[in-house]
Amino acid sequence: MRTVQLRCTTETGAGVAGTAFLPPRPRAAVVCFPGGRFTRDYWDLQVSPEAPDDYSFARFAAARGVGVVTIDHLGTGHSSRPDPEPTAEQVRDANAAATAAFLEQTGLRGLPTTGVGHSMGAALLLHQQSTYRSFDRLAVLGYPSGPLTMWRPDGTRWRLTAGNAAHRQRDVHYTNLGPDLPAPVRAAVRAAATVVPGPVAEWVSRPGVVAAAAATVEVPVLLGFGDRDVTADPALEPRAYPRAAELRLVVIDGSFHCHNLAPTRRRLWAAVTRWAAADEVEPTTR
């Protein structure tokens, strides 16, 4: 496998950063978009130099013949930081431009290509697919069609809104990461942290912000959630995709919202990799 640093300039002059993880003979491709407060390093978390693959979906997929492109959203990471801050529509447009440019730059264009989004990245992915039809398949991870429903440590739940998020950060942190991350993993999470443009943070907190876009999706869709994730009920999520050519729901035990940190993360990685390669995926993984 080889890694390649990527950059493109959109029609508006903004720069978008990415990284490619390229196997010798890729059979399919995925383009990965991180959630809020993460750079593209969410897909390649480096926890220990002795085990660079341990928390890396990108390296896991590339080792199985799937070419991987990871992207920093406009206004985050190493992508441009426009002033004023970009809207969700502007980030969506930049992601679509970067998708096309990076697939061309890496030689992955023409392969079956799956868009993979986690959390905010999944919300933006659905709007990108609805507008641009960028992908042959989707993997929508950790973002519901309805309200974001958070967890408290005592097992009770509450609905997130743009108005209450700032006052309940302890519960948000618990829902995202869980209670007991090892210190090296916490350090890797801090290293992968970034800002979120204010207009996008407000947008992604609105209940049902992806419902209309999800209803237009016609390609096959894999839905992936942890068992302590931000959806009220994963079993109800497939109803939001009435036009999808195919649907699979994967729920991973032992996972909070940030699935790539979970002890069971490789179960989801395997499902997404099989999905991208159009291999069979079990409807539910436990």
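Just one of (1) closer than 19 Å to residue 39 by Cβ; (2) at pLDDT 95 or above; (3) open to solvent by 60 Å² or more (accessible area, probe 1.4 Å); (4) within 18 Å of the chain's Cα centre (by Cα) trips up residue 133, so point out which. Of (1) closer than 19 Å to residue 39 by Cβ; (2) at pLDDT 95 or above; (3) open to solvent by 60 Å² or more (accessible area, probe 1.4 Å); (4) within 18 Å of the chain's Cα centre (by Cα), only one is false for residue 133: (1).
With respect to residue 155, is the statement that it is surrounded by 21 or more Cβ atoms within 10 Å (Cβ to Cβ) and either part of a helix (DSSP H, G or I) or not aromatic (Phe, Trp, Tyr) (or both) true? First the steps, then the outcome.
Working: surrounded by 21 or more Cβ atoms within 10 Å (Cβ to Cβ): no; either part of a helix (DSSP H, G or I) or not aromatic (Phe, Trp, Tyr) (or both): yes.
No: the conditions fail for residue 155.
Of all the listed residues (121, 65, 142, 117), the sole one being on the phi > 0 side of the Ramachandran plot and surrounded by 20 or more Cβ atoms within 10 Å (Cβ to Cβ) is 142.
Considering only residues of the range 194-234 that are in contact with a strand residue (DSSP E or B) (Cβ under 7 Å, 6 or more places away or on another chain) and open to solvent by 40 Å² or more (accessible area, probe 1.4 Å), which is farthest from residue 83 (Cα to Cα)? Quick ask: steps written out before the conclusion?
Just the residues of the range 194-234 that are in contact with a strand residue (DSSP E or B) (Cβ under 7 Å, 6 or more places away or on another chain), to begin with: 194, 205, 217, 219-228, 230-232, 234.
Next, only the ones that are open to solvent by 40 Å² or more (accessible area, probe 1.4 Å) stay: 227-228, 232.
Details: 227: 38, 228: 36, 232: 36 Å.
The selected residue is 227.
Exactly one residue out of 94, 58, 101 is crowded, with 20+ Cβ neighbours inside 10 Å and more than 15 Å from the chain's Cα centre (by Cα), and it is 94. Determine, yes or no, whether residue 49 is open to solvent by 10 Å² or more (accessible area, probe 1.4 Å), assigned to a loop (DSSP other than H, G, I, E, B), at pLDDT 95 or above and not aromatic (Phe, Trp, Tyr). Spelling it out, it is not the case that residue 49 is open to solvent by 10 Å² or more (accessible area, probe 1.4 Å), assigned to a loop (DSSP other than H, G, I, E, B), at pLDDT 95 or above and not aromatic (Phe, Trp, Tyr).
Pull up the range 241-279, narrow it to residues that are small (Gly, Ala, Ser), more than 26 Å from residue 130 (Cβ to Cβ) and assigned to a loop (DSSP other than H, G, I, E, B), then point me to the one that is most open to solvent (accessible area, probe 1.4 Å). Can you show your working first?
Pass one, the range 241-279, residues small (Gly, Ala, Ser): 244-245, 254-255, 262, 270-271, 276-278.
With the extra rule that they be more than 26 Å from residue 130 (Cβ to Cβ), the set shrinks to 254-255, 262, 270.
Those left that are additionally assigned to a loop (DSSP other than H, G, I, E, B): 254-255, 262.
Values: 254: 43, 255: 1, 262: 6 Å².
Once the filter is applied, the top-ranked residue is 254.
So, in the range 68-91, of the ones that are open to solvent by 40 Å² or more (accessible area, probe 1.4 Å) and closer than 15 Å to residue 17 by Cβ, which residue ends up nearest to the chain's Cα centre (by Cα)?
My answer is 78.
For the range 20-54, the set of residues classified as within 17 Å of residue 141 (Cβ to Cβ) and touching an Asp or Glu at 6+ places or on another chain (Cβ under 7 Å) consists of 39, 40, listed by residue number.
Out of the residues in the range 188-238 that are under 17 Å from the mean Cα position of the chain (by Cα) and of a type in the set (Ser, Thr, Tyr), which is modelled with the lowest pLDDT? The qualifying residue modelled with the lowest pLDDT is 205.
The values are calculated or read from the model by the stated rules, or taken from the named source; none is laboratory data. As the structure is a prediction and not an experimental result, all values here were calculated from the model. Glycine also receives a Cβ, built like all others from the backbone with ideal geometry; neighbour counts cover every protein chain displayed. In case anyone asks, the SASA skips ligands and DNA or RNA and just uses the protein heavy atoms, side chains included. Shrake-Rupley method; radii C 1.70, N 1.55, O 1.52, S 1.80 Å.
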